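What follows is a single structure, written as structure tokens, with notes after it.
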Amino acid sequence: AKEKGKNTFEFFSPELSGNLARRVMIENELQKGIEFEEFHLHYQPQLDLKTNRMTGLEALIRWENPRLGRVSPAEFIPVAEETGIIRRLGEWVIDRAASDMRKLMEHGHHELSVAVNISIKQFYHDSLPGFIMEVLAKHQVPASRFKIEITESVVIGHFDLVLEQLHSLKKEGIQIALDDFGTGYSSLNYLKILPIDIVKIDRSFIQDILSNPEDAAIVQAVIQIAESSSLTVIAEGVETDEQTDFLRVIGCHQGQGYTFSRPKPIEALLTELEEQYTK
Ligand code: C2E
Ligand code: CA
Ligand code: CA
Ligand code: CA
């Protein structure tokens, strides 16, 4: 009984109640975050490893709250998903990304694509494909330059609902990327049955690619399968020149990671692009 009593007490440890308090606070602050304009998007370049040219950008949400400070999406996105706030937040992301795409075009960057991360709850929207197409039309940007990134967990358990919408998106010309590939339930089968255009190999396989032959073999196998299905492979979390060289040698198409660029506000990227072209 003493032991039990102790455990019960531990359940209310300051650390745990602190976590709970923070979670509740994140939940409350998230609700107001959109109207108070606390969110912004950063963009991380994706590069063609053959030409070293930027092909596209991934939009990554950032949150700066007056009371919580900067909160990582790894912390608040799960809360937004559980509470359903992700629907409105996800709509905001799509709208902002499309308007930033317009800015890129106005600066002459018609070739760059923009990718947005989509959560499963967003597929329970009245019509995600319809919403995306409306937003793209509103900002006058082509669907062929817009990409969505989904993880396998989005598909599992919601297969019919998601598959149908992926097919409509694809019909509209939107490109679909399978994110974090190799983690979780990963099945090579998904590469065949989902209407995807791009596979993003998770950072955990790239991290030790030079020292771990198993990771290197897995990445090579994914590249081979992707090629046979005409998919583009993007390596995530590339941090060094050596990793880049290795990925290039084994035929990986594109890379994304700190070695090329950290995620940045669109204005900073536009300035950098301008400087590159005038060099
Ligand atoms: P993700 O989609 O896998 O995004 C890649 C994450 O890796 C980003 O973290 C990015 O900043 C980070 N990263 C990029 N290059 C490197 C590198 O070389 N080394 C390391 N260590 N990290 C790198 P971030 O921005 O903190 O986002 C975390 C996750 O939050 C994302 O993972 C994504 O799942 C989610 N997320 C971000 N923005 C959104 C959004 O707008 N909507 C949804 N639903 N989820 C989002
Ligand atoms: Ca992603
Ligand atoms: Ca990823
Ligand atoms: Ca991830």
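Going through the range 197-279, which GluC sites (Glu not before Pro) have at most 16 other Cβ atoms within 10 Å and a DSSP loop state? Let's see the in-between values first.
Working: sites: GLU214, GLU227, GLU236, GLU239, GLU242, GLU267, GLU272, GLU274, GLU275; in loops: GLU236, GLU239.
Listed in order of number, the matching sites are GLU239.
Roll a 1.4 angstrom probe over the protein heavy atoms and tell me the percent of accessible area of the chain that is carbon or sulfur.
Details: 7530 of 14530 Å².
After summing per-atom areas, the C and S share lands at 52 percent.
What accessible area per residue, rounded to a whole number of Å², is obtained for the chain using a probe radius of 1.4 Å?
On the way: 14530 Å² over 279 residues.
Counting only protein heavy atoms, the per-residue value for the chain is 52 Å².
Across bins of 5 angstrom width beginning at 0, how are the C-alpha pair distances of the range 18-127 distributed, in whole percent?
2, 11, 20, 20, 16, 13, 9, 5, 2, 1
May I ask you to work out the translational diffusion coefficient for the chain at 4 °C, viscosity 1.567 mPa s, via Stokes-Einstein with Rh from the Kirkwood sum over Cα pairs, reported in whole µm²/s?
On the way: Rh = 20.3 Å.
In µm²/s, the coefficient rounds to 64.
What is the angle, in °, between the Cα long axis of helix 213-228 and the longest principal axis of the Cα atoms in the chain? Nearest 10 is fine, range 0 to 90.
Once rounded, one gets 60 degrees.
Evaluate 2.2 N^0.38 Å with N set to the residue count of the range 204-279, then give the Cα radius of gyration divided by it. Can you show the working numbers first?
On the way: Rg = 14.7 Å, N = 76, 2.2 N^0.38 = 11.4 Å.
Normalised by 2.2 N^0.38 Å, the Cα Rg of the range 204-279 equals 1.29.
Over the range 120-279, how many percent of alpha carbon pairs lie in each 10 Å bin up to the one with the longest distance?
Reading the bins upward from 0: 10, 33, 34, 21, 3, 0.
Compute the signed sum of charges (Lys and Arg +1, Asp and Glu -1) over the other residues within less than 11 Å, Cβ to Cβ, of GLN175. Show your work: numbers first, answer last.
Numbers: positive: ARG145, LYS147, LYS170; negative: GLU149, GLU172, ASP197.
Summing Lys/Arg as +1 and Asp/Glu as -1 gives 0.
Scan around ALA115 for amide H atoms under 5 Å from its own, H built in the peptide plane at 1.01 Å from N, and keep only partners 5 or more places away or cross-chain.
Correct list: LEU57, GLU58, ALA59, LYS147.
Grab the DSSP H runs of the chain that are 4 residues or longer, score each as -39,500 (n - 2.57), total them, divide by all residues and round the 222 nm result to the nearest 500 deg cm²/dmol.
Values: 12 runs with 138 residues, N = 279.
Rounded to the nearest 500, the figure is -15000 deg cm²/dmol.
Across the range 55-60, in residue order, what do the Karplus-derived ³J(HN,Hα) couplings come to in whole Hz, using 6.51 cos²θ - 1.76 cosθ + 1.60 with θ = phi - 60° and x for Gly and Pro?
Residue by residue, the range 55-60 yields 9, x, 9, 9, 7, 10 Hz.
Rounded to the nearest 5, what % of DSSP beta bridges with both residues in the chain are antiparallel?
Working: 15 of 36 bridges.
Taking every DSSP beta bridge within the chain, about 40 percent pair in antiparallel fashion.
Report the local net charge at HIS125: Lys and Arg +1, Asp and Glu -1, summed over other residues whose C-beta lies under 15 Å from its C-beta. It would help to have the intermediate numbers written out before the result.
Details: positive: ARG87, ARG88, LYS121; negative: GLU81, GLU91, ASP95, ASP126, GLU134, GLU164.
Combined, the nearby Lys, Arg, Asp and Glu give -3.
Which entries of LYS103/LYS138; LYS147/LYS171; LYS103/LYS147; LYS147/LYS200; LYS171/LYS264 show an alpha-carbon separation above 19 angstrom in the structure shown?
Values: LYS103/LYS138 13 Å; LYS147/LYS171 13 Å; LYS103/LYS147 17 Å; LYS147/LYS200 13 Å; LYS171/LYS264 31 Å.
Beyond 19 Å between Cα atoms: LYS171/LYS264.
The values are calculated or read from the model by the stated rules, or taken from the named source; none is laboratory data. Here the structure is a predicted model, which is why all the values come from computation and not from measurement. A quick note on method: Cβ atoms are made from the backbone with ideal geometry, for glycine too, and the neighbour counts reach across all protein chains shown. Keep in mind that these areas ignore ligands, DNA and RNA; they rest on the heavy atoms of the full protein, side chains included. Shrake-Rupley method; radii C 1.70, N 1.55, O 1.52, S 1.80 Å.
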